[in-house]
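Worksheet: the structure to be examined is printed underneath.
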Amino acid sequence: MLTEMQIAVIGGDARQLEIIRKLTELDAKLSLIGFEQLDHAFTGASKEKIEEVDFSVQDALILPVPGTSLDGQVETIFSNEKVVLVQEMLERTPEHCTVYSGISNAYLTGIAKQANRKLVQLFSRDDVAIYNSIPTVEGTIMMAIQHTDFTIHGSNVSVLGLGRVGMSVARTFHALGAKVKVGARKSEHIARIIEMGLEAFFLSDIGQAVSDSDICINTIPYPIVTASVISRMPAHTLIIDLASKPGGTDFRYAEKRGIKALLAPGLPGIVAPKTAGFILANVLSQLLMEDFTKRKEIEE
Ligand code: NAP
């Protein structure tokens, strides 16, 4: 249980509701910032404005998946108010206060460092990234269906990257009957792709590999789908770029060539916010409990 723990949940989308539900179930006391338009009330949680929060009693701050913008603004879909997190707020928290977000940027990392507070990026954890790849793949299938006039079954699908997302994408499209080939740069990844019963290619041969692609799914956060790669694709190829913004595709050239290329960030939050929130809530509650127990042991 998280009885006695005081946590500020600052901004976010529907995923945050699962986190709030889970933490209130565990008896934590919550300050909700950026939720005033939310009709639902949670026992043990009070809606507050950021300037009203008593940061000196917060054991943890929970930010939405993107963290903050580069000027400290926090996304709030349940509020019209501007919520900005500044270093001075972190400095007012107790020394043990931990900041949790999905990912970080220079601003958030910088203020956490300056204030000497621990910042945990949940998406850098393998378990979260692997669980999260499940709704990501479902969203990718949705996009492939919406933007093509042929079935996935029997189509040529090239997947770029065999990381946590790439592996799930490749396996699922293969299971749907697509002819999947996967591109990677490491020989152990090539071996794994072959072990999975898929066609493998080295990324150095990407131009040749995509020349018969009906769908090309990129998971590499690096400019990999360049103009010269796109120029080798058939005119009907659909590019779905899953890599974090700005993606790995030359979108300008794709448009010029008349190839449909879609940057598709944040699919779990779009297609399955409940599941995506549940994944985060489970990991967060486990981390908060570990933190709480450790702190109690030190105090005793
Ligand atoms: P990951 O496990 O780190 O995999 C990244 C893959 O990209 C690895 O196979 C890596 O290969 C390869 N790679 C990285 N830099 C490369 C380069 N310069 N050249 C060639 N290959 C390179 O990451 P992930 O969890 O699969 O996530 C992949 C991307 O999808 C990330 O940008 C992530 O933010 C994003 N994502 C998007 C969604 C969405 O909804 N669109 C959801 C989840 C994640 P090596 O092992 O050889 O480095």
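The angle between the Cα long axis of helix 14-25 and the longest principal axis of the Cα atoms of the chain comes to about 40 degrees, rounded to the nearest 10. Applying 1/(1 + (r/R0)^6) with r as the Cβ-Cβ distance of Glu297 and Lys118 and R0 = 30 angstrom yields a FRET efficiency of 0.95.
The ranking of Arg117, Arg15 from fewest to most other beta carbons within 10 Å of each one's beta carbon is Arg117, Arg15.
Looking at region 63-186, what % of its DSSP beta bridges pair antiparallel, to the nearest 5? Antiparallel bridges: around 20 percent, rounded to the nearest 5.
Taking only C-alpha pairs under 8 Å that are 6+ residues apart, what is the relative contact order of region 128-265 in percent?
This gives 20 percent for region 128-265.
Each peptide among 85-96, 19-30 gets the average number of other Cβ atoms lying within 10 Å of its residues, and from highest to lowest they stand as 19-30, 85-96.
Each principal axis of the Cα cloud of region 1-91 was taken in turn, and the coordinate range along them, longest first, works out to 35, 29, 21 Å.
Annotation: lysines with alpha-carbon distance below 26 angstrom to Lys294 (same-chain offsets under eight excluded): Lys22, Lys29, Lys113, Lys118.
Here the ratio of the Cα radius of gyration of region 128-265 to 2.2 N^0.38 Å is 0.93. Between Ile130 and Lys274, the C-beta separation translates, for a Förster distance of 22 Å, into a calculated FRET efficiency of about 0.75. Between Lys113, Lys181, Lys274, the residue with the greatest mean-square fluctuation in the GNM of the chain (Cα pairs under 10 Å linked by springs) is Lys113.
Relative contact order, whole percent, for the chain stands at 16, derived from Cα pairs under 8 Å and 6 or more residues apart. Give me the number: length gained by fully extending Lys186 to Glu290, i.e. 0.36 nm times residue separation minus the C-alpha to C-alpha distance, one decimal in nm. Here the answer is 33.8 nm. With bins 10 Å wide beginning at 0, the percent of Cα pairs of the chain falling in each bin runs 6, 26, 28, 20, 15, 5, 0. Legend: calculated FRET efficiency, His236 to Leu176, from the Cβ-Cβ distance at R0 = 22 Å, rounded to 0.05, equals 0.70. Put simply, when 65-72, 45-52 are sorted by average Cβ atoms within 10 angstrom per residue, most first, you get 65-72, 45-52. I need the Debye-formula profile for region 215-282: one equal scatterer per C-alpha, no solvent, reported as log10 I(q)/I(0) at q = 0.12, 0.22 1/Å, two decimals. One equal scatterer on each Cα of region 215-282 leads to -0.36, -0.84. For the chain, the longest principal axis of the alpha carbon atoms and the long axis of helix 106-115 meet at an angle near 30°. Peptides 222-234, 153-165 ranked from most to least packed, by the mean per-residue count of other Cβ atoms within 10 Å: 153-165, 222-234. The stretch between Asp205 and Thr148, if pulled fully straight at 0.36 nm per residue, gains 18.0 nm over its current Cα-Cα span. Computed with the Debye formula from one identical point scatterer per Cα of region 87-153, without solvent, the log10 of I(q)/I(0) at q = 0.14, 0.21, 0.23, 0.27 Å⁻¹ comes to -0.59, -0.85, -0.93, -1.08.
Values quoted throughout were computed directly from the atomic coordinates according to the rules given, and no laboratory measurement underlies them. All of these numbers come straight from a predicted model, not from anything done at the bench. All Cβ positions, even for glycine, are placed from backbone atoms using ideal geometry, and neighbour counts span all protein chains on display.
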